[in-house]
Amino acid sequence: MRSNGPIERDLAGSAVSGGDAGGAVGDAREAEFQALIEADQRIEPRDWMPDAYRKTLIRQIAQHAHSEIIGMQPEGNWITRAPSLRRKAILMAKVQDEAGHGLYLYCAAETLGVDRSELIDLLHQGRQKYSSIFNYPTLTYADVGAIGWLVDGAAITNQIPLCRCSFGPYARAMVRVCKEESFHQRQGFELLYALSHGTPEQHEMAQDAVNRWWWPSLEMLGPPDTESTHSAQSMAWGIKRFSNDELRQRFVDMVAPQAVVLDLVPPDPALRWNEERGHYDFGPCDFEELRRVVSGDGPCNRQRAAHHLKAHEDGAWVRAAAAAYAAKHAASAAA
Amino acid sequence: MTEEAAAPLWEVFIRSKRGLSHNHVGSLHAPDAEMALRNARDVYTRRMEGVSIWVVPSATITASSPDEKDSFFDPAADKPYRHPTFYSIPKEVQQL
Ligand SMILES: [Fe+2]
Ligand SMILES: [Fe+2]
């Protein structure tokens, strides 16, 4: 017997759904799922999976997708005021990539049986979140550099291990995203380098941007391991490969020596190489601030949400017109 | 109108270069095939990743079920004689 339906989607009402398959059949499926995870194999959309695994993935992938889309706002803010045609072309390409990343991720989430429009509704209702980092304002063009170097840098640190995530469509989306992200970080670094090796005023601008973006970038990697609520289960399921604190250490180890080349000083007096540990030591993050920003009280939360809603509503007539056009042509083709 | 009705889902397949077959890369929403192709170009080929694109309405794809994968693919499992390594050939015969 074959089932009709999309290859990469879980079919509503099909036998594959849900962790509620009781009895011996349910146990066998659970065991098969566990065996696949332990063998470091990928779970594909139409495989049986526990409900909690599905829910965790929908929440995480949707949140990731929303972050890419909302993340277009702080930088998009500067496209019309780029200092040169070269910088403008670069910034447009970067922001366009972020839109693409959002779409790859919505596509991955939809394989789990949700519709993109549902996820966008949840975002608008404030019931799904996006990364804390995009609730900070971009005050100067140097912020475009700091975002590329630090924010995209932190995102890459988080995303590289996700390329081996146990859920196939998410892992494949991450492979595409990571390929594109390396240009994002390099253009940011190059921009900051140009500023920090320019006039004293330009150097000051670059330093100011790094002062403002440094801590939020460390914090965006999530709460400390002692408080992280979802981590343990996500590690057991092969969704997450490294803890938040491990990722944070990795990130600091990557950017600390780069700051020296940039001739910019991270705003952390405790930042220094620890020979014994083979890592950089760094000061404590303000996780109270992270909590505030995540729960809606960052500098730009309301503005970001309102802008997304407005763009979505302003675009409604375009979607309606395209649908009407498609319906008309389908009708005349059938006639 | 729901998004599913106004802009259904399409699966996207891309031929990355001449001589290779089209590979599945993901999906997207679009009101019709022409828009699906244009969207696919913007979403999946911003860096010359393709020389040809197919878009297929997701709802028209028929897939084998993961539930019966054992019985469905079983017939191939016990036929090692379909592989060249099944046959032992005297050493002095090279290139066979
Ligand atoms: Fe991105
Ligand atoms: Fe990026």
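Answer with yes or no whether A:Gln96 is within 13 Å of chain B (Cβ to nearest Cβ) and surrounded by fewer than 21 Cβ atoms within 10 Å (Cβ to Cβ).
Working: within 13 Å of chain B (Cβ to nearest Cβ): yes; surrounded by fewer than 21 Cβ atoms within 10 Å (Cβ to Cβ): yes.
For A:Gln96, the condition - within 13 Å of chain B (Cβ to nearest Cβ) and surrounded by fewer than 21 Cβ atoms within 10 Å (Cβ to Cβ) - is met.
Table: residues versus (1) exposed (fewer than 13 other Cβ atoms within 10 Å of the Cβ); (2) within 15 Å of ligand 2 (Cβ to nearest atom); (3) more than 20 Å from A:His124 (Cα to Cα).
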{"site": "A:Glu30", "(1), (2), (3)": "no, no, yes"}
{"site": "A:Glu44", "(1), (2), (3)": "no, no, yes"}
{"site": "A:Pro50", "(1), (2), (3)": "no, no, yes"}
{"site": "A:Ile58", "(1), (2), (3)": "no, no, no"}
{"site": "A:Ile61", "(1), (2), (3)": "no, no, no"}
{"site": "A:His66", "(1), (2), (3)": "no, yes, no"}
{"site": "A:Ala82", "(1), (2), (3)": "no, no, yes"}
{"site": "A:Leu85", "(1), (2), (3)": "yes, no, yes"}
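For the list (1) without any contact (Cβ under 8 Å) to a residue 40 or more places away in the chain; (2) over 19 Å from A:Thr111 (Cα atoms), I need the number of the one condition that B:Ile53 fails.
(1)
Within the range A:121-169, which residues are surrounded by 19 or more Cβ atoms within 10 Å (Cβ to Cβ), closer than 30 Å to B:Val12 by Cα and away from ligand 1 (no atom under 14 Å from the Cβ)?
A:Leu123, A:Cys165, A:Ser166, A:Phe167, A:Pro169
Looking only at the range B:17-53, filter to residues that are open to solvent by 60 Å² or more (accessible area, probe 1.4 Å) and of a type in the set (Gly, Ala, Ser); which one of those is nearest to A:Glu180 (Cα to Cα)?
B:Ser21
Report, by residue number, each residue of the range A:92-138 that is within 21 Å of A:Pro50 (Cα to Cα) and among the β-branched types (Val, Ile, Thr).
A:Thr111, A:Val114
Could you please give the count of residues in the range A:108-138 that are within 9 Å of chain B (Cβ to nearest Cβ) and within 14 Å of the chain's Cα centre (by Cα)?
Qualifying residue count, the range A:108-138: 1.
Residues checked against (1) of a type in the set (A, V, I, L, M); (2) in contact with a Gly (Cβ under 8 Å, 6 or more places away or on another chain); (3) facing chain A (nearest Cβ under 9 Å):
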residue	(1), (2), (3)
B:Ala6	yes, no, yes
B:Ser21	no, no, no
B:Arg38	no, no, no
B:Arg46	no, yes, yes
B:Ile53	yes, no, no
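In the range A:69-93, which residues are away from chain B (no Cβ under 12 Å) and within 16 Å of ligand 1 (Cβ to nearest atom)?
Quick first cut of the range A:69-93, residues away from chain B (no Cβ under 12 Å) only: A:69-91.
Hits for the range A:69-93 are A:Ile69, A:Ile70, A:Gly71, A:Met72, A:Gln73, A:Pro74, A:Glu75, A:Gly76, A:Ile90, A:Leu91.
Within the range A:107-117, is there a residue that is over 18 Å from A:Ile239 (Cβ atoms) and either touching a Phe, Trp or Tyr at 6+ places or on another chain (Cβ under 7 Å) or within 11 Å of ligand 1 (Cβ to nearest atom) (or both)?
Taking every residue of the range A:107-117 in turn, at least one turns out to be over 18 Å from A:Ile239 (Cβ atoms) and either touching a Phe, Trp or Tyr at 6+ places or on another chain (Cβ under 7 Å) or within 11 Å of ligand 1 (Cβ to nearest atom) (or both).
Looking at the range A:11-53 only, could you name the residues that are modelled with pLDDT under 65 and not acidic (Asp, Glu)? Explain how you work it out, then say what you get.
Kept after step one, since they are modelled with pLDDT under 65, are these residues of the range A:11-53: A:11-22.
The answer is A:Leu11, A:Ala12, A:Gly13, A:Ser14, A:Ala15, A:Val16, A:Ser17, A:Gly18, A:Gly19, A:Ala21, A:Gly22.
Checking A:Arg54 against (1) open to solvent by less than 30 Å² (accessible area, probe 1.4 Å); (2) over 15 Å from the mean Cα position of the chain (by Cα); (3) within 13 Å of ligand 1 (Cβ to nearest atom): exactly one of these is not met. Which one?
(3)
If you check A:Pro299 against the conditions, is it open to solvent by 60 Å² or more (accessible area, probe 1.4 Å) and at negative phi? Break it down stepwise before answering.
Numbers: open to solvent by 60 Å² or more (accessible area, probe 1.4 Å): yes; at negative phi: yes.
Yes; evaluated as a whole, the condition is true for this residue.
Take the residues in the range A:170-199 that are in contact with a Phe, Trp or Tyr (Cβ under 8 Å, 6 or more places away or on another chain) and within 28 Å of A:Arg46 (Cα to Cα), then tell me which one is nearest to ligand 1 (Cβ to nearest atom).
Filtering the range A:170-199 for residues that are in contact with a Phe, Trp or Tyr (Cβ under 8 Å, 6 or more places away or on another chain) and within 28 Å of A:Arg46 (Cα to Cα), the one nearest to ligand 1 (Cβ to nearest atom) comes out as A:Val177.
Need the failing condition index for B:Phe86 against (1) away from every other protein chain (no Cβ under 13 Å); (2) out of contact with any Pro (no Cβ under 8 Å at 6 or more places or on another chain), just the number.
It fails just one condition, (2).
Only residues that are farther than 14 Å from A:Arg54 by Cα, assigned to a loop (DSSP other than H, G, I, E, B) and open to solvent by 60 Å² or more (accessible area, probe 1.4 Å): list them for the range A:226-247, please.
Result: A:Thr226, A:Glu227, A:Thr229, A:Arg241.
Does A:Gln60 qualify as being assigned to a helix (DSSP H, G or I), more than 13 Å from chain B (Cβ to nearest Cβ), within 16 Å of ligand 1 (Cβ to nearest atom) and farther than 21 Å from A:Arg176 by Cβ? Full working, then the answer.
Details: assigned to a helix (DSSP H, G or I): yes; more than 13 Å from chain B (Cβ to nearest Cβ): yes; within 16 Å of ligand 1 (Cβ to nearest atom): yes; farther than 21 Å from A:Arg176 by Cβ: no.
It is false that A:Gln60 is assigned to a helix (DSSP H, G or I), more than 13 Å from chain B (Cβ to nearest Cβ), within 16 Å of ligand 1 (Cβ to nearest atom) and farther than 21 Å from A:Arg176 by Cβ.
Taking interchain pairs and intrachain pairs at least six residues apart, which have beta carbon atoms under 9 angstrom, with the first residue in the range A:182-197 and within 14 Å of A:Arg86 (Cβ to Cβ) and modelled with pLDDT of 95 or more and the second outside any helix (DSSP H, G or I) and away from ligand 1 (no atom under 12 Å from the Cβ)?
A:Leu191/A:Tyr141
Scanning for something under 20 Å from the mean Cα position of the chain (by Cα) and outside any loop (DSSP other than H, G, I, E, B), does the range A:190-212 turn up at least one residue? Talk me through it step by step, then tell me what you get.
Residues of the range A:190-212 under 20 Å from the mean Cα position of the chain (by Cα): none.
For the range A:190-212, residues under 20 Å from the mean Cα position of the chain (by Cα) and outside any loop (DSSP other than H, G, I, E, B): absent.
The values are calculated or read from the model by the stated rules, or taken from the named source; none is laboratory data. Here the structure is a predicted model, which is why all the values come from computation and not from measurement. Glycine also receives a Cβ, built like all others from the backbone with ideal geometry; neighbour counts cover every protein chain displayed. To get the accessible areas, we keep the full protein, side chains included, count just its heavy atoms, and leave off ligands, DNA and RNA. Shrake-Rupley method; radii C 1.70, N 1.55, O 1.52, S 1.80 Å.
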